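Step one of this worksheet: look at the structure below.
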Amino acid sequence: MRGNIISYYEMCQREGTSLQRGMNFRLRGRHSVILMSLHPNAPYQDRVEEDGSVLIYEGHDEPRTEHVRNPKAVDQPEFLPSGNRSENGKFHKAAQDHNSGLKHPDIVRVYEKIKKGIWSDNGYFHLVDSWRESDGSREVFKFKLVAVEGVSREDAPEDEHDTEAKRSRIIPTRVKLQVWKRDGGKCVECGATDELHFDHILPYSKGGTSLKVENIQLLCARHNLAKSAKIQ
Ligand SMILES: [Zn+2]
């Protein structure tokens, strides 16, 4: 569920693989997975727009090798030395194919690093566009992702999923960090420190905002379930 707080280990378990890289195109033939970080000293310039419904994700650099001493000084690669597409290249092709009407958008699950060892599941996004731009000294890739409410079937082949998915939005990092600190990394009901979730006190569907610290709290899975049962 969007807003779940998980450890790196749980994240890897859920995706069925060890997530070593930030960009993982169609893991096991299904959705793609990207890892983001909005920390001021994060290596890439990811940003969230339109109140949390759009993520602009930066592509990734060449790996550091004896030929590439400073990956930040060279253009981000579309192809590997083998001639195959890099992860940038794969995401770029999928976005361009969607853009030119050839296929439905790829589904991307986004995890965000909140603090060391603490990740938040930012939910599902549609990969709708991509481009190259200069960062001042070299070319980088940018990918535009739109948050969606969820996908009808997570394992659906790319041609069968719902393209009319309702737009959703993510809770801004600064709000998450403040809530985490205020609630002491614990469920506000019982003090549990595992299976935590960023909960909207007034639900988003009922007009509650994601943008105010006052409307977000930490709940464990049990109290989150108890609350949603009460609302429905
Ligand atoms: Zn609880």
Review point. Within region 3-20, is even one residue closer than 17 Å to L145 by Cβ, open to solvent by 50 Å² or more (accessible area, probe 1.4 Å) and not assigned by TED's automatic domain parsing to the domain that holds A192?
Key: no
Revision key, fill the gap. Scanning region 1-52 residue by residue, those modelled with pLDDT of 85 or more, basic (K, R) and within 12 Å of the chain's Cα centre (by Cα) turn out to be R47
Practice item. Return a yes/no flag: does region 86-98 have any residue that is open to solvent by 60 Å² or more (accessible area, probe 1.4 Å) and at pLDDT below 95. Key: no
Study note, to complete from the structure: For region 183-207 the number of residues that are within 16 Å of the ligand (Cβ to nearest atom) and either assigned by TED's automatic domain parsing to the domain that holds S120 or among the charged types (D, E, K, R) (or both) is 6
Review point. Out of all the residues in region 87-108, is one or more small (G, A, S), under 28 Å from R167 (Cβ atoms) and within 13 Å of the chain's Cα centre (by Cα)?
Key: no
Review point. If we scan region 208-220, do we find a residue that is in a loop (DSSP other than H, G, I, E, B), within 11 Å of the ligand (Cβ to nearest atom) and over 14 Å from I114 (Cβ atoms)?
Key: no
Practice item. Just one of (1) closer than 30 Å to L218 by Cα; (2) modelled with pLDDT under 95 trips up H161, so point out which. Key: (1)
Review point. Given the conditions (1) among the small types (G, A, S); (2) in contact (Cβ under 8 Å) with a residue 24 or more places away in the chain; (3) open to solvent by 20 Å² or more (accessible area, probe 1.4 Å), which single one is not true for S32?
Key: (3)
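The values are calculated or read from the model by the stated rules, or taken from the named source; none is laboratory data. Nothing here was measured: the structure is a model prediction, and the numbers come from that model. Cβ sites come from the backbone with ideal geometry, for glycine too, and all protein chains shown count toward neighbours. Calculation scope for accessible area: heavy atoms of the full protein, side chains included, ligands and nucleic acids excluded. Shrake-Rupley method; radii C 1.70, N 1.55, O 1.52, S 1.80 Å.
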